[in-house]
Amino acid sequence: MKFATAAFVASVAALAVAAPTKTIEKRAQNCEQYGSVTTGSYIVYNDLWGESGATSGSQCFEVDGLSGTTLSWKTTWTWVGGSSIKSYANAVTSFTSTKLTNIKSMKSTWKWSYSGSPTNADVAYDIFTSSSAGGSNEYEIMIWLAAIGDAGPISYNYGSDGKPTAVATVTIDGYSWNVYYGSNGSNYVYSFLPASGSEITSFSGDVLAFITYLTAHQTLPSSQYLTSVGAGTEATAGTNAVFTVSAYSMVISE
Ligand SMILES: *[C@@H]1O[C@H](CO)[C@@H](O)[C@H](O)[C@H]1NC(C)=O
């Protein structure tokens, strides 16, 4: 897989030379398992954590630009075989870890699109909390803007139809969300999925509202510290999928 990836990088580089010049100078594609690119307050990660579950495939990403606090980036992937998640290309925002109660807002916009053939994937914020600033993660909060194919949330409870059962439905930032609760062995996981079942391809709102809902109405302790805030796509299966983030911002005010 290493050699295949290197060959792909080489072919992309060759194409880039032949392509007409763009107004925004693009950075090179990064296809490394732990590849990352830092731009402004964002770190974009390739994060191929589950790639060993695939029969074949690869994923690359690139950062396309930063304007103020608005980032644009994309990832291109193919994963064949295995039913588990292969990768989570995502943009993580830098901030100083602090108690949830110290956070004033987490204003975010996210405009994205998918092309090619992603057959099992999600588009989601992935937020982690811990009982101390430098501690290991205990709670995970996922806000899904899309569930593609069979992708579904972690849940303790499933209905007779085999589908996860929501613990609540709540309106936050102008959308109705089904709330799911479960554990993946490492973290307690709360997931918000659009109750409409439709994709939200242009989101704008205060992400802190999801957290304050959980501390007020679910079991997330308000004494937890915010440790990580990412936004990207978990890829399980698909061919020549291109996930393009034309605008992403996350501004955490403490
Ligand atoms: C589950 O646990 C791992 C830690 O091993 C964590 O990093 C990951 O994001 C979790 N995945 C999901 C989908 O909850």
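Taking the condition assigned to a helix (DSSP H, G or I), open to solvent by 30 Å² or more (accessible area, probe 1.4 Å) and touching a residue at least 60 places away in the same chain (Cβ under 8 Å), does THR215 pass? Against the criterion (assigned to a helix (DSSP H, G or I), open to solvent by 30 Å² or more (accessible area, probe 1.4 Å) and touching a residue at least 60 places away in the same chain (Cβ under 8 Å)), THR215 qualifies.
If you take the residues of the stretch 27-52 that are small (Gly, Ala, Ser) and part of a loop (DSSP other than H, G, I, E, B), which of them is surrounded by the fewest Cβ atoms within 10 Å (Cβ to Cβ)? Reasoning before the result, please.
Step one: of the stretch 27-52, the residues small (Gly, Ala, Ser) are 28, 35-36, 40-41, 50, 52.
The next check asks that each one be part of a loop (DSSP other than H, G, I, E, B); those that pass are 28, 35, 40-41, 50.
On the way: ALA28: 13, GLY35: 17, GLY40: 15, SER41: 17, GLY50: 17.
The extreme case among them is ALA28.
The lone criterion from (1) charged (D, E, K, R); (2) more than 13 Å from the ligand (Cβ to nearest atom); (3) touching a residue at least 24 places away in the same chain (Cβ under 8 Å) left unmet by LYS163 is number (3).
When THR55 is tested against (1) surrounded by fewer than 19 Cβ atoms within 10 Å (Cβ to Cβ); (2) under 22 Å from the mean Cα position of the chain (by Cα); (3) modelled with pLDDT of 95 or more, only condition (2) is not met.
Taken together, SER117, SER94, SER132 contain a single residue that is open to solvent by 20 Å² or more (accessible area, probe 1.4 Å) and over 23 Å from SER202 (Cα atoms), which is SER132. Filtering the stretch 114-156 to residues that are away from the ligand (no atom under 15 Å from the Cβ), among the hydroxyl-bearing types (Ser, Thr, Tyr) and part of a loop (DSSP other than H, G, I, E, B) leaves SER131, SER132. In the condition set (1) open to solvent by less than 50 Å² (accessible area, probe 1.4 Å); (2) among the acidic types (Asp, Glu); (3) in contact (Cβ under 8 Å) with a residue 60 or more places away in the chain, GLU199 is compliant with all but (1).
Note on the stretch 173-196: residues that are aliphatic (A, V, I, L, M), more than 12 Å from ILE141 (Cα to Cα) and buried (at least 19 other Cβ atoms within 10 Å of the Cβ) amount to 0.
Checked against (1) among the hydroxyl-bearing types (Ser, Thr, Tyr); (2) surrounded by fewer than 15 Cβ atoms within 10 Å (Cβ to Cβ); (3) away from the ligand (no atom under 16 Å from the Cβ), THR109 meets all criteria but (2).
The values are calculated or read from the model by the stated rules, or taken from the named source; none is laboratory data. Every value quoted in this text rests on a predicted model; they were computed, and no experiment measured them. A quick note on method: Cβ atoms are made from the backbone with ideal geometry, for glycine too, and the neighbour counts reach across all protein chains shown. Note: accessible area is taken over every heavy atom of the protein model, side chains too, but ligands, DNA and RNA are not part of it. Shrake-Rupley method; radii C 1.70, N 1.55, O 1.52, S 1.80 Å.
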